[in-house]
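Read the structure below first, then the notes.
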Amino acid sequence: MALLEKLSHIDRRIIFVLIALAVIIPMLFNLVFIVRPSPIVEAIFEKIESLPAGSKILLSYDYGPSTVPENQPMADALTRHCLVKGLKVYIMAVWATGEAQANVTIDSVIRREFPDKVYGVDWIHLGYKAGNQGLINAIFTDLKGMYTTDAAGVDINTFPMMASIQGLRDFDLILSSASGKPGLKEWVQFAGDRGNIPVAGGVTAVEAPLLYPYYPRQLLGLMGGLQGAAEYEAVVVHKYPQFKATSLTAVKSMGPQTVAHLVIIFFVVVGNVAFFLQRRKEKRARTA
Amino acid sequence: MRREIPLIITFIIGVALVVALFIPRRPFPELDAEFSRWFDIIAVFAFVLGGGNLLQVHVDRITRKHRDRWYSVVTLAGFLLTLGIGLLKVGGDAGLKGNYIAEGTWFKIIYDAVFTPLTATMFSLLAFFVASASYRAFRAKTREATILLIAAFIILVGRTPLGYYLTFWLPEPLQFLHIPNLSAWILSNPNLAGQRAIMIGIALGIIATSLKLILGIERSYLGREK
């Protein structure tokens, strides 16, 4: 029964080492699975596909560096899809750290993959403003009242793509890559519902179950965690294979995540087997 | 008057914002927009208040020679250094309107080389603790715990490509047992019902609390009476 005792009390350092290996080894061997999009993710893709060129998309970066592995691929894939479709992308942030994360997309996606897109005509970076959901409420009717300049401090009225924008109702779609509050839920509550504006986006895996009550009437689609991001990347690459080399960050990360999930399941099973064997042993001892 | 004036402001703004939602006619939408702008301006001052509070707590800890004072020294040094570099836009364009996080600024270097790895590390550590905690705590001790455990298994596997590979061979009549379908069903039905119940409860609580604030019944936000 020494084995039973060992199984019941595995040293946490062994678990830590196995989790580390579960992430490192698939990364080293480039373990990639085929990802199939689910209807809740495909709904976002179909909505963007259905919009005519020139439609206005507000993309909000509502996360920080801690959730980059989940949120950044979502934001990158959405930006890539909007720009390849010829939509106008308005980038902003309701998180202070969101502005810097938007810069990551600008450098790695917009400037690298869409060098022909003109700043102020095809896309603009409005930056971050304080106020959380109060900011969403304020820009609902008067965006230029809050955003008098872009992120670099240039007068907002000098950009052609801002001429037709008064408030949030002027956008055809609001997208948010979010990891907490304020985030996608606040965009639904303070903008989508109020102005009947379509809202969609992605959140961390932990937060995704909280947003299901809004789908599909108030939230037209949802990417949940890394899996959601991978599904969106897969569906974009399927339609636009020219992005195969650059647009599979989340798909590649699904290998380590899958193996890590398996290791967690393994330990839960081991813990339960040990628990039931222990309980049976105690029962037998009591009846003996 | 120190208590009456904030109560009157709360009442007027609270009533105006509620009315604006139901009566979209002048002057309510304008009032709504104006009050929202005021809120955003006040929100900026929360940063000053937060910074002041941080200074107060940690300076106090250092002066009292608390055993954790060296952590406070690191916190204050990091805070003041980042604040100074950000305000002065070191390495970037000078002036109030200059971009503090433009390429080449010291603030951007701090963000990329210190803040990003630190926060990412803290968040990544969760994976190790979740694995360890799952092993220790996730035991099918009761019927409810067993249901939770089965649901967790399905979601854990269903949220990876593995879920597809395990059960894709199931014939059409049994497709409801396909793990990704089961995972989606759990999220869209039992989870949805639970979330809605919680949300409705929270909403009712918020309405009650808001009414108490607007009507001046709840006054704790004004601080203690002297």
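The values are calculated or read from the model by the stated rules, or taken from the named source; none is laboratory data. Please read all numbers here as calculations on a predicted model, not as lab measurements. Note: ideal-geometry Cβ built from the backbone for every residue, glycine included; neighbour counts use all protein chains shown. With ligands, DNA and RNA removed, areas are computed over all heavy atoms of the protein, side chains included. Shrake-Rupley method; radii C 1.70, N 1.55, O 1.52, S 1.80 Å.
Taking the accessible area of the stretch A:136-288, probe 1.4 Å, and keeping the other protein chains in place, the carbon and sulfur fraction comes to 57%. With label points built 7 Å along Cα→Cβ from the Cα atoms of residue B:75 and residue B:203, find their separation and express it in nm. So the two model labels end up 3.9 nm from each other. The angle between the Cα long axis of helix B:69-88 and the longest principal axis of the Cα atoms of chain B comes to about 70 degrees, rounded to the nearest 10. Sequentially through the stretch B:196-204, phi angles give Karplus couplings (6.51, -1.76, 1.60; θ = phi - 60°) of 5, 4, 5, 5, 5, x, 4, 4, 5 Hz, Gly and Pro residues having no value and appearing as x. In chain B, the calculated helix contribution to ellipticity at 222 nm averages -24000 deg cm²/dmol per residue, counting -39,500 (n - 2.57) for every DSSP H run with n ≥ 4. Under 5 Å from the amide H of residue A:149 lie the amide H atoms of A:156, each residue being 5 or more positions distant or on a separate chain, with H modelled from the backbone and absent for Pro and chain starts. Once all protein chains are placed together, residue A:144 keeps about 50 Å² accessible to a 1.4 angstrom probe.
Ordering A:41, B:90 by accessible surface, largest first, gives B:90, A:41; the 1.4 Å probe counts only protein heavy atoms, with every chain in place. Per the Kirkwood definition applied to all pairs of different Cα atoms, how many angstroms is the hydrodynamic radius of the stretch A:68-128? Kirkwood radius, the stretch A:68-128: 11.6 Å.
The residues of the stretch B:87-226 present an accessible area of 66 Å² per residue when probed at 1.4 Å with all protein chains retained.
A Cβ-based charge dipole, computed about the Cα centre of the stretch A:39-247 with Lys and Arg at +1 and Asp and Glu at -1, lands at about 200 debye. Computed on protein heavy atoms with a 1.4 Å probe, the accessible areas place A:146, A:223 in the order A:146, A:223, largest first.
For a straight C-alpha distance cut-off of 14 angstrom, the aspartates and glutamates reachable from residue A:252 (same-chain residues fewer than eight places away being disregarded) are A:70, A:231, A:233.
Roughly what % of Cα-Cα distances in chain B sit above 33 Å, to the whole percent? In whole percent, the share of Cα-Cα pairs in chain B beyond 33 Å is 57. Report, in listed order, any pair from A:144/A:181; A:181/B:141; B:65/B:108; A:185/B:108 with a Cα-Cα distance greater than 26 Å. Checking Cα-Cα distances, A:181/B:141; B:65/B:108; A:185/B:108 exceed 26 Å. Taking packing as the residue-averaged number of other Cβ atoms within 10 angstrom, the listed peptides B:199-207, B:66-74 run from highest to lowest as B:66-74, B:199-207. Shape analysis of the stretch A:228-288 based on the Cα gyration tensor places the equivalent ellipsoid semi-axes at 48, 9, 5 Å, largest first. Interface residues of the stretch A:112-144, defined as a loss of at least 50 Å² in heavy-atom accessible area between the chain alone and the complex of all protein chains with a 1.4 Å probe, are A:130.
Interface between chains A and B: roughly 4900 Å² of accessible area buried, both sides summed (probe 1.4 Å, protein heavy atoms only). Using the 1.4 Å probe convention, the accessible area of the stretch A:129-288 works out to 40 Å² per residue with neighbouring protein chains retained. For the stretch B:1-120, what does the alpha-carbon gyration tensor say about shape, rounded, prolate or oblate, given a ≥ b ≥ c as the root eigenvalues, a/c under 1.5 as rounded, and a/b over b/c as prolate? Oblate, because a/c is 1.5 or more while a/b does not exceed b/c. Counting, for every residue in B:40-46, the Cβ atoms of other protein chains within 10 Å of its Cβ and taking the mean gives 5. Residue B:87 contributes about 120 Å² of solvent-accessible surface, heavy atoms of the protein only, 1.4 Å probe.
With N the number of residues in the stretch A:98-178, Rg(Cα) / (2.2 N^0.38 Å) evaluates to 1.10. Modelled spin labels at residue B:210 and residue A:285, positioned 7 Å past Cα toward Cβ, are 5.8 nm from each other. Considering chain A at the alpha-carbon level, its Rg and Dmax are found to be 22.8, 88 Å.
Global size of the protein assembly as shown: 25.7, 88 Å for Rg and Dmax (C-alpha atoms, Rg to one decimal, Dmax whole). Remark: the stretch B:2-47 projects, on average over all directions, an area of 3.6 nm² (convex hull of Cα atoms). Which helices, taking whole DSSP H runs in chain A, have alpha carbons extending 20 angstrom or more along the helix axis plus mean Kyte-Doolittle at least 0.0? Span-like helices, by this rule, are A:12-28, A:225-239, A:249-287. The order of B:82, B:105 by accessible area, most exposed first and with a 1.4 Å probe, is B:82, B:105.
For the stretch A:188-213, a reduction of at least 30 Å² in accessible area between the chain on its own and the assembled protein chains (probe 1.4 Å) is found at A:194, A:209, A:210, A:212, A:213.
Excluding the site residues themselves, the longest part of chain B lacking any GluC sites (Glu not before Pro) in a DSSP loop with at most 15 other Cβ atoms within 10 Å is B:104-217.
I'd like the residues of the stretch A:263-288 whose 1.4 Å-probe accessible area shrinks by no less than 50 Å² going from the isolated chain to the full set of protein chains. Going by heavy-atom accessible area, the residues of the stretch A:263-288 that drop by at least 50 Å² are A:264, A:265, A:268, A:272, A:275.
Answer with one residue from B:15, B:57, B:45: the one whose Cα lies farthest towards the positive end of the charge dipole of chain B, charges on Cβ with Lys, Arg +1 and Asp, Glu -1. With unit charges placed on the Cβ atoms, the residue in question is B:57.
Look at the dipole of the stretch B:82-205 built from charges on Cβ: of B:124, B:94, B:109, the Cα furthest out on the positive end belongs to B:124. Mean partner shielding of peptide B:121-127, defined as the number of other chain Cβ atoms within 10 Å of each residue Cβ, is 4. Compute the FRET efficiency between residue B:12 and residue A:107 as 1/(1 + (r/R0)^6), taking r as their Cβ-Cβ distance and R0 = 41 Å, and round to the nearest 0.05. Rounded to the nearest 0.05, the efficiency is 0.30. Within the accessible area of chain B, the carbon and sulfur atoms contribute 73%, probe 1.4 Å, all protein chains present. Each label was represented as a point 7 Å from its Cα along the Cα-to-Cβ direction; for residue B:87 and residue B:67 these points are 3.5 nm apart.
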